[in-house]
Amino acid sequence: MSNLPFLSMILEKLVAKRLETLLSSHRLHDNLQPAYRTGYSTETAQLKIHHDIAETLDTKCMTALVLLVLSADYIRR
């Protein structure tokens, strides 16, 4: 039995943690990209979009939301 899958999972988590620490400590995250960040979720992104749309509508400006689905499963259907 091989331990490679187990070792690769540990290595992947180690690299991800170090990369997150590096990006956070040097403030290299884009403020508009909440994915893969500690303390951010899809709810955070939805709240940001809702806030931006509501703010724009309050100033009586036109608002458009364009969504792009990039999923192989969705495209095959």
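Pairs meeting the criteria (first residue in segment 1-21 and outside the structural domain of R37 (by TED's automatic domain parsing), second residue of a type in the set (S, T, Y), beta carbons under 9 Å, at least 6 apart or on different chains) are A16/Y36; E20/Y36; E20/T38.
Listed by position, the helices (runs of 4 or more DSSP H) inside the chain whose residues that are modelled with pLDDT of 90 or more number at least 3 are 4-25, 42-58.
The values are calculated or read from the model by the stated rules, or taken from the named source; none is laboratory data. Computed from a predicted structure; not experimentally measured. Glycine also receives a Cβ, built like all others from the backbone with ideal geometry; neighbour counts cover every protein chain displayed.
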